[in-house]
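In what follows, a structure is listed as structure tokens, so that the remarks can point back to it.
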Amino acid sequence: MLDEALVLPPGDHSEDWQTRLRAVLGDCFPQIAETLTGSPLERELHFELVKIGPRSLCLKLCAGGQFGFLKLFDGADGAVPYHREKAALHAMLDSGLVPGILAYSDELRFVLTDWIEARPVVVDDPRQVGFRTGAWLAAFDAVAPSEPASGNWFSYLSKFGSGLDLSQISSAQGMLSEIPLCGRVLSRNDAALHNYLVASDGTLLGCDFEQARMRPRGWDYLLGFAALIERFPDRSNEVIESYSEGFAQAHRGTLIVDELNAVARILFCARAMCGYQQQGATPWL
């Protein structure tokens with residue numbers, strides 16, 4: 001059972017996460033094992049800790065030779081991120097862009113998905129990282145839930161107030177006012193590159209949707225633009241060129257890549273001028 005397969009990185013407090021896990025899901029271990037294997041006779045469930053935080057636990061599960069990934073939102077403020085994660089995975093269930101969801105519980109706030117044997121995309125050549133993430137974002141935009149929205153990027157970004165001072169960029173108002181919003185779409189709202197995984201068959205998958213919400217089309221592209229520059233500062237020009245190419249080739253909607261790049265550059269500079277890039281904070285997300 002729980003104690004039989006604990007693989008922890010050095011420094012982790014194994015007793016703490018085991019206690020947290022048992023406190024919430026201890027009575028459900030047999031049912032989770034049955035979900036993985038399809039057999040009520042399989043009751044032995046093994047856990048490996050993947051990630052621990054004050055708000056959630058991420059675990060690799062094994063039962064009867066079958067594997068799964070469980071994310072438990074057991075923190076006091078875990079309800080909202082749980083519902084965002086579950087809703088996003090459900091919405092993208094048949095997209096092939098995210099791991100498949102196997103089970104979930106609104107009462108216990110956990111989501112069980114397929115376990116994907118994969119490597120982080122960031123270990124690849126930077127140009128490949130840019131191209132593949134751009135293509136993934138275009139594919140995600142094409143199938144994610146969406147709704148109409150009007151306005152332009154200047155009016156939208158101005159809502160963030162002092163957290164994003166556009167007045168320091170002389171051309172911002174003129175340029176952004178000319179670029180219209182093309183509706184709103186379900187967005188990951190999280191640019192962390194380590195949340196892109198390359199499966200063994202070469203498929204790129206996105207994971208971690210606890211920040212997901214409706215944003216203007218292209219929002220995730222803007223965040224990804226900044227994330228790639230920060231990750232690969234010495235090769236930013238070629239990485240962004242590949243990123244743009246990947247998105248443009250895969251995109252089937254109304255977004256114009258040159259316009260998105262213009263918005264992304266202004267947004268990146270505005271963040272830097274406000275000091276949030278150096279502080280590692282993005283309170284306007």
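Read-outs throughout are calculated quantities, based only on the coordinates presented, and are distinct from any laboratory measurement. The shown structure was predicted, so the numbers you read here are calculated from the model rather than taken from an experiment. Cβ: placed from backbone, ideal geometry, glycine included. Neighbour counts: every protein chain shown.
Looking across the stretch 79-97, the residues that are out of contact with any helix residue (DSSP H, G or I) (no Cβ under 6 Å at 6 or more places or on another chain), part of a loop (DSSP other than H, G, I, E, B) and surrounded by fewer than 21 Cβ atoms within 10 Å (Cβ to Cβ) come down to Leu93, Asp94, Gly96. Kindly indicate whether Phe69 is closer than 19 Å to Asn195 by Cβ and touching a residue at least 60 places away in the same chain (Cβ under 8 Å). The answer is no for Phe69.
Every test in (1) exposed (fewer than 15 other Cβ atoms within 10 Å of the Cβ); (2) part of a loop (DSSP other than H, G, I, E, B) is passed by Glu48 save one, and that test is (2).
When the stretch 104-130 is limited to residues that are hydrophobic (A, V, I, L, M, F, W, C) and within 25 Å of Asp16 (Cβ to Cβ), the one that is surrounded by the most Cβ atoms within 10 Å (Cβ to Cβ) turns out to be Phe110. If only residues of the stretch 159-208 that are of a type in the set (S, T, N, Q) and within 25 Å of the chain's Cα centre (by Cα) are counted, the one that is nearest to Trp136 (Cα to Cα) is Thr203. With the structure loaded, tell me whether Ser200 is over 27 Å from Glu245 (Cβ atoms) and surrounded by fewer than 16 Cβ atoms within 10 Å (Cβ to Cβ) or whether it fails that test. The answer is no for Ser200.
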